[in-house]
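Notes for the one structure printed next.
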Amino acid sequence: MSSSSKIPQVVLKSSSNQCNMPVIAFGTAAVTNNDGEITKKAVIEAIKSGYRQFDTALIYGSEVALGEAIEEALKQGRN
């Protein structure tokens, strides 16, 4: 079983396509940009665990670290 299958998903369908969307998002409000390295490590571990949906907002201040973590995870072959 792949780690991404541990996250519950819903199937989204259109007239020509369908995809799976995680029903649980990884929240980034608690991992503010006060320490970007901690945020990056947390997001990378979330991706390794199967998370593919991230909850973020400008007020959290975690966008830069989140983007860097996603970039690093993609370079590691986590997609």
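Table for the structure above
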item: Subset of the stretch 43-78 that is of a type in the set (Gly, Ala, Ser) and closer than 17 Å to Lys6 by Cβ - its residue that is surrounded by the most Cβ atoms within 10 Å (Cβ to Cβ); result: Ala46
item: Residues being more than 24 Å from Lys6 (Cβ to Cβ) and polar (S, T, N, Q) - total across the stretch 24-42; result: 3
item: Residue count for the stretch 5-15, restricted to those that are surrounded by 10 or more Cβ atoms within 10 Å (Cβ to Cβ) and hydroxyl-bearing (Ser, Thr, Tyr); result: 1
item: Unmet requirement for Gln18, which otherwise passes all of (1) at pLDDT 90 or above; (2) surrounded by 13 or more Cβ atoms within 10 Å (Cβ to Cβ); result: (2)
item: Subset of the stretch 14-63 (residues that are assigned to a loop (DSSP other than H, G, I, E, B), out of contact with any Pro (no Cβ under 6 Å at 6 or more places or on another chain) and not hydrophobic (A, V, I, L, M, F, W, C)); result: Ser14, Ser15, Ser16, Asn17, Thr28, Thr32, Gly50, Tyr51, Thr56, Gly61, Ser62
item: Residue satisfying condition, being surrounded by 11 or more Cβ atoms within 10 Å (Cβ to Cβ) and at pLDDT below 85, within set Thr39, Thr32; result: Thr32
item: Which numbered condition Gly67 misses (of (1) within 11 Å of the chain's Cα centre (by Cα); (2) farther than 27 Å from Leu12 by Cβ); result: (2)
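The values are calculated or read from the model by the stated rules, or taken from the named source; none is laboratory data. Everything numeric in this text was worked out from a predicted model, so none of it was measured. Glycine gets a Cβ as well: all are built from the backbone with ideal geometry, and neighbour counts include every protein chain shown.
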